[in-house]
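Notes for the one structure printed next.
Derivation of every value follows stated rules applied to the coordinates shown; laboratory data play no part. Worth saying up front: this structure is predicted, and the values here are computed from it rather than measured. Note that each Cβ is placed from the backbone with ideal geometry, even for glycine, and that neighbours are counted across all protein chains shown.
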Amino acid sequence: MEVRRLSFGFVLAASLGLCGGCFNPLSIFDENFLSTVGLGGSQAATLPGDAPAILVGVENRTGEQIEATVSFRDASGSFDTFTATVAPGDKTAQAVLCPVNEITLGDIGDLASTGVIVRLGNGTQADPFIEVEPFGILLKTGVNYDCGDSLTFTVSPSSETRSGFRTFVFVQRAPEQ
C-alpha cells in the first residue's frame, strides 16, 4: 500500500483554480488548520476524529534555519520520509494519509540517527551546521496518536544538550465528533 502525502499548497492551489473566485476556497478548511499554516488566529490545527490523515508539523523555535527529516511507516511496512526546511520562528505542516503505524523525527530504522540540523550563517548548504541530538522515540498509532490527530515536532534552544538545541513533540488529539 502506498502512503501518499497531501500538500496544503497543492490543495489550496487546486481549490483556487476550481471556481475562479465564485467562493472562498479557504472555507473548505477547518479554521484551526488554517491558523497552523499561518492563515488564521489560533495556534493549533485539528482534523476531524475520523479524518484519513494525521497532520505532521515541524516548528522552529531557534534563531537559525533548520532542516528536519520525518519518517513514517504504513500498515504494510512501507516507509516514507519528508524533509522540511523551516526558517527561524516559523513552522510548517503537511497531512500524511493514514494508515501511519509508526512515525519519528529522523530515521525510523535507526532511532540513534540525527533528525534535525541547524544551519548557521545564512542557512545555505555551504554554511556550517549543528546536528541536534536524535529524537530517539518511535511514536506508534493507538499508543501515542490516532488517525486525525496532529503531531508537531519542535526544535528549541537548550542549555541541557551538547548541541545547544533539543527536539520534542506535541500531540494534539482530534476532537471527538
Task: Label-to-label distance, nm, for residues given as Ala87 and Leu111 (7 Å Cα→Cβ offset) - done: 3.6 nm
- [ ] Calculate one ³J(HN,Hα) per residue across the stretch 77-87 by plugging θ = phi - 60° into the Karplus curve 6.51 cos²θ - 1.76 cosθ + 1.60, and present them in order as whole Hz with x for glycine and proline.
- [x] x, 5, 10, 8, 9, 9, 10, 10, 9, 10, 5
Task: Sequence-distant residues sharing a close amide H with Ser163 (under 5 Å, placed H) - done: Glu133
Open item on the list: Need one number: nm distance between label points at Arg162 and Gln125, each 7 Å from Cα along Cα→Cβ, rounded to one decimal.
Closed with: 2.8 nm
Task: Note, ³J(HN,Hα) from phi for the stretch 91-102, Karplus 6.51, -1.76, 1.60, rounded to Hz, x at Gly and Pro - done: 8, 9, 8, 8, 8, 10, 5, 6, x, 10, 6, 9
- [ ] Place the peptides 105-115, 83-93, 155-165 in order of packing, highest mean first, counting for every residue the other Cβ atoms within 10 Å and averaging per peptide.
- [x] 105-115, 83-93, 155-165
- [ ] Collect residues whose amide H, placed 1.01 Å from N in the peptide plane, falls under 5 Å from the amide H of Ile137; neighbours closer than 5 in sequence don't count.
- [x] Leu105
Task: Under the Karplus curve 6.51 cos²θ - 1.76 cosθ + 1.60, θ = phi - 60°, whole-Hz ³J(HN,Hα) for the stretch 152-167, x wherever Gly or Pro sits - done: 10, 7, 10, 10, 9, x, 8, 8, 9, 10, 5, 6, x, 9, 9, 10
- [ ] May I ask you to order 62-72, 123-133 by the average number of other C-beta atoms within 10 Å around their residues, highest value first?
- [x] 62-72, 123-133
